[in-house]
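The values are calculated or read from the model by the stated rules, or taken from the named source; none is laboratory data. In this text the structure is predicted, and so the values were computed from the model without any measurement. Positions of Cβ are backbone-derived with ideal geometry, glycine not excepted, and every protein chain shown enters the neighbour counts.
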Amino acid sequence: MTTARTLDSTFAALADPTRRAILARLSLGEASVNELAEPFAMSQPAISKHLKVLELAGLISRGRDAQRRPCRIEAAPLAQASGWLDNYRRFWEHSFAQLDDLLEELKAEQAAAKKSTKRRNTKGDKT
């Protein structure tokens, strides 16, 4: 799958809160479909549909352990999404740093203006 398609699939899968909750649970370790379905008020087939979306996006894989098919999280697509987001994080950090610099400059100008006004007022009081 190309990077763009991987990102599209990852973000589409992550758009659903149930799928994000499933991934959060799987970040603690592998689990069966029944274990994953437990905290949700939905049927096992509904959970299975969510798992299929996660699997097609490459975010989870399913193994075979006798009759059990444990699910486990797959980190690669999440790492790609994180890398993509890092570009924007750097952009915003740079933008906020520029804003901080501008605010410091404005504060310094404002402090200098107050000091100048105070000196003029003090000189005017002495004469």
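Miscellaneous remarks
- Single match in ALA37, ALA113 (criterion: more than 17 Å from PRO17 (Cα to Cα), free of Cβ contacts under 8 Å to residues at least 12 places away in the same chain and surrounded by 10 or more Cβ atoms within 10 Å (Cβ to Cβ)): ALA113
- Residues of region 30-53 satisfying the condition of being touching a Cys at 6+ places or on another chain (Cβ under 8 Å) and within 21 Å of GLN80 (Cβ to Cβ): LEU51
- Looking only at region 16-57, and only at residues there that are modelled with pLDDT under 95 and of a type in the set (S, T, N, Q), the one that is nearest to GLU74 (Cα to Cα): SER32
- Some residue of region 90-103 being farther than 28 Å from LEU7 by Cβ, in contact with a strand residue (DSSP E or B) (Cβ under 6 Å, 6 or more places away or on another chain) and surrounded by 10 or more Cβ atoms within 10 Å (Cβ to Cβ): no
- Residues that are assigned to a loop (DSSP other than H, G, I, E, B) and under 16 Å from the mean Cα position of the chain (by Cα) within region 14-38 comprise ALA15, ASP16, SER27, listed in sequence order.
- Count of residues meeting criterion [over 17 Å from THR6 (Cα atoms) and either touching a Lys or Arg at 6+ places or on another chain (Cβ under 9 Å) or at pLDDT 90 or above (or both)] in region 58-75: 6
- Filter result (assigned to a helix (DSSP H, G or I) and either touching a residue at least 40 places away in the same chain (Cβ under 8 Å) or crowded, with 17+ Cβ neighbours inside 10 Å (or both)) within region 64-81: PRO77, LEU78, GLN80, ALA81
- The one condition from (1) of a type in the set (S, T, N, Q); (2) in contact with a strand residue (DSSP E or B) (Cβ under 7 Å, 6 or more places away or on another chain); (3) in a helix (DSSP H, G or I) that SER61 does not meet is (3).
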